Structures are given as C-alpha cells and as structure tokens.
Amino acid sequence: MRLQGVLDDVLDEVGPLVGNGVPALSIPALRHVDVNRVGIAVATVDGRVHGAGAWSEPFSIQSVSKLFALALVFAHDGEALWKRVQRQPSSLRYDALIQLDLDCGIPRNPFVNAGALAVVDRLLTLRGDAGAAVVAFLRAESGNPDIGFDPTVAASEQGVSHRNAAAAHLMAAHGNLDQGIDDVLTHYIHQCAIAASCADLARAGLFLARAGRRNDGERLLTGLQTRRLNSILLTCGTYDAAGDVAYHVGLPAKSGIGGGVLAIVPGRGAVCAWSPGLDEAGNSIAAMAALHHFSEATGWSVF
C-alpha cells in the first residue's frame, strides 16, 4: 500500500468539508484561527512518516495532551489510578459539572476536563512539574526539541477557565485533589497550550501502537496496560461523540478543541489529522472525516 497516495486522496475527499464548523470559541486566542487549514500525517511502527496538507504546521493540541499525561501516570500508578477517576463514557459535555458532583468528585473518565485535572494533580505529585513532563515526553517521542507551550494561548485560557476551576473546587471538596487548586489549573492549562504538528503527534503516539514501547525501545507501559489505555481512547477519547467515531473510524482516538485528532492503529502506527473547524461536540469536522476516509482506504481498524 502506498500511504502517501492514500493521504493525498484523503485530503481531496475532505476538501469540501474544510472550512466548515467554528474554531474553539471558548478560548479567545483560538477564535480567529484559520478554519481553512487541514493536514494529516501517519507514522508507522517501522519509523516511516508520511503527510499531506499542513501536516508539519504546529497547532494548539489542547485535549490531545490528556492522552500523554494519562500514559505517564498510568505507567507509574497502574490500576491504583482508577480509584480517583472512572473509565466510563460520558454523554455530557467535556466540561460538565453535574455528573461530577453526583459522583462525589470522581470524574467519569480521564478525558473529560475533570478527569484530566485529576491526572494532572497526580502527575504534579509524581514529577513536580506536570506540564514540563508532558512536553519532555512529546519532545523525546517526536524527535522535535522545539515543541513547547504557546504563552499567548495559555494566558488566554487562564482568563476563562471558570468551569475548570469549578470542577477543581468540587473535586477538592470531595477530597480528590492532593495539590493546590491554582497549581493544578496552571499545569493543566500549560499542558493544553502545547503546540505541535500532526507529524509530531503521530510520532509521539507510536508507543500505543508498539505495545507500550517508546521510540528508544524502553517500555513505558505493559502490553496489557497499552490495550487498556487504547480501550479508554476508543470509548471516551472523543467526548460524547465516541460512539459515532468508533462506528465511522474504528480506531482509538483522542481529539482536542484545537482541531487535532490522534488515532492509534495497534501494531501498525498512529495517524493525526488537524483542521480547526469544530462540530457541536468539539471535534474537528474535516479531521474526523479524514480519519474516516483513511480507515476505509487502508482497512486499518480495530474491528
């Protein structure tokens, strides 16, 4: 199979959808991002990387960062992590508060905002600097030393994080935060404000396609842990649209309101698509369509 040709065809297929939807309106710095941008990259387990469109252009990865923070904590804590956060899909928005209070401060899964705050809180305890730990991991796995925080996006997000602050306070009230609320929020925001490209994220996600082994051959996760993390990606990684994504794409995936979507093909590679125009669930319209066409063209699916 000629992957470069597949990617070129995928961009042709999704061309009519590029520009549809709206950018992330909840973060002022992202409101004016050009929704006409689109890119896709695939990194295979044998080290090859192919891309099309704006595949090397950095963008705000936002909630895609939650995957990498989770992997770092899961590698250390194992099953003990699930005492602080559940593994259940949510039918509510990623920043919903009602379910969190009903569940006594235990988030539904690690990919809703409250769940990511719990993960950041634990990573902060383990590493001392949670945001820097995620950046260091992304740099090492992608091979790109220039990956870092976008200070403009971070400052913009800091000023509007009222719902995240409310979630953190709710969790603290139920005894599910160890670190200070302000510190957890700051590290969470910095993590979300990381800028990286489709190529960077595809390379960085390869450990989940290689049964938990990093680029240098070191094992981050066991094979069982990798399968379990991929299962949570499939059922929870794309907000309340996870069922539709599983149906149309058939791959574990994590999306972010920056317009990026990272999908894992166990044993084969990782695929990242990006386009800033979002649907009502907060997922990129063109990027999701690109992953759908890629899966159909290659037959790569977990089903």
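The values are calculated or read from the model by the stated rules, or taken from the named source; none is laboratory data. If you're wondering where the values come from, they're calculated on a predicted model, not measured in any experiment. As a convention, Cβ positions derive from the backbone with ideal geometry for all residues, glycine included, and neighbour counts pool all protein chains shown.
A few comments on the model shown:
- Evaluating Asp121 against the criteria (1) out of contact with any Leu (no Cβ under 6 Å at 6 or more places or on another chain); (2) of a type in the set (D, E, K, R); (3) over 19 Å from Gly256 (Cβ atoms) leaves one unmet condition, (1).
- From the list Tyr188, Tyr239, the lone residue that is in contact with a Phe, Trp or Tyr (Cβ under 9 Å, 6 or more places away or on another chain), crowded, with 19+ Cβ neighbours inside 10 Å and among the hydroxyl-bearing types (Ser, Thr, Tyr) is Tyr239.
- One residue stands out among those in segment 36-47 that are part of a loop (DSSP other than H, G, I, E, B) and modelled with pLDDT of 95 or more: the one that is surrounded by the most Cβ atoms within 10 Å (Cβ to Cβ), which is Val38.
- The criterion of at least 2 residues that are touching a Cys at 6+ places or on another chain (Cβ under 9 Å) is met, among strands (runs of 3 or more DSSP E) falling completely within segment 162-281, by 260-265, 269-274.
- The residue pairs whose first member lies in segment 150-161 and is in contact (Cβ under 8 Å) with a residue 12 or more places away in the chain and among the charged types (D, E, K, R), whose second member is outside any helix (DSSP H, G or I) and surrounded by fewer than 21 Cβ atoms within 10 Å (Cβ to Cβ), and whose beta carbons are closer than 9 Å, counting only pairs six or more residues apart or on different chains, are Asp150/Pro58; Asp150/Ala195; Glu157/Ser26.
- Checking each residue in segment 61-99 for being in contact with a Pro (Cβ under 6 Å, 6 or more places away or on another chain) and over 30 Å from Thr152 (Cα atoms) picks out only Val85.
- Only listed residue being hydrophobic (A, V, I, L, M, F, W, C), within 29 Å of Asp95 (Cβ to Cβ) and within 17 Å of the chain's Cα centre (by Cα), chosen from Ala209, Ala287: Ala287
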